[in-house]
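**Student:** Quick one: the structure is below, questions incoming.
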Amino acid sequence: MDDECYNGNHNPLLVVEEIYKAYGPTSVLRGLSLQVRPGEVLGLCGANGSGKTTLLRLVAALGIPDRGRITVAGHDTTCQAEAVRQQVGVLFHQTHLYEDLSAEENLRFWSLMSGQVLDTAAGGLGPVSRSRGHDRGPQLPGP
């Protein structure tokens, strides 16, 4: 990792610098800049079509901005997209979960599809695994 971009917990994990993105004649993002440091939480609010999903796609290296720069953990989303995708996971409006698989099976499947190994010994599944005694369908931790 490049020390100039990321140095411990002081530098931002996410840096968005003057991002512009348009779809045809419609500008969605116009000069957006922000930083997120370790431990911070960011929420995106806005009307439909205001650019929330576009921004998340760009941060996850699933698209390329028309202008500007985004770095995630020191990796540029345009020229180091694979390194970014190994650091970021995004779940959009449609969950893409298989209802006939348990939550654990869905996590294992999607981790394999992304080339990751789910480390269950280190608590990689946490409370999602085998929750509430149901065998199938997405099971999320509950109260």
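The values are calculated or read from the model by the stated rules, or taken from the named source; none is laboratory data. Computed from a predicted model, the values in this text were never measured in an experiment. So basically every Cβ, Gly included, is an ideal-geometry build from the backbone, and we count neighbours across all protein chains shown.
**Student:** How many of the residues making up the range 81-99 are at pLDDT 85 or above and exposed (fewer than 13 other Cβ atoms within 10 Å of the Cβ)?
**Tutor:** Here the count works out to 1.
**Student:** Note down all Cβ pairs under 8 Å where the first residue falls in the range 59-81 and is not assigned by TED's automatic domain parsing to the domain that holds G24, the second is among the aliphatic types (A, V, I, L, M), and they're at least six residues apart or on different chains.
**Tutor:** none
**Student:** From the residues in the range 17-41 that are surrounded by fewer than 10 Cβ atoms within 10 Å (Cβ to Cβ) and under 19 Å from V72 (Cα atoms), which one is nearest to the chain's Cα centre (by Cα)? First the steps, then the outcome.
**Tutor:** Looking only at the range 17-41, we keep the residues that are surrounded by fewer than 10 Cβ atoms within 10 Å (Cβ to Cβ), and these are 24-26, 39, 41.
From what's left, under 19 Å from V72 (Cα atoms): 39, 41.
Numbers: G39: 16, V41: 13 Å.
Checking each candidate, the answer is V41.
**Student:** Moving on. Just to be sure I understand the filter: pairs with C-beta atoms under 8 Å, separated by 6 or more residues or on different chains, first member in the range 36-52 and over 19 Å from P65 (Cα atoms), second member modelled with pLDDT of 90 or more and assigned to a loop (DSSP other than H, G, I, E, B). Which pairs pass?
**Tutor:** Matching pairs, first to second residue: R37/P12; R37/L13; P38/L13.
**Student:** On to the next question. Of the conditions (1) within 29 Å of L112 (Cβ to Cβ); (2) modelled with pLDDT of 95 or more; (3) in contact with a Ser or Thr (Cβ under 6 Å, 6 or more places away or on another chain), E18 satisfies every one except a single condition; which number is it?
**Tutor:** Condition (1) is where E18 drops out.
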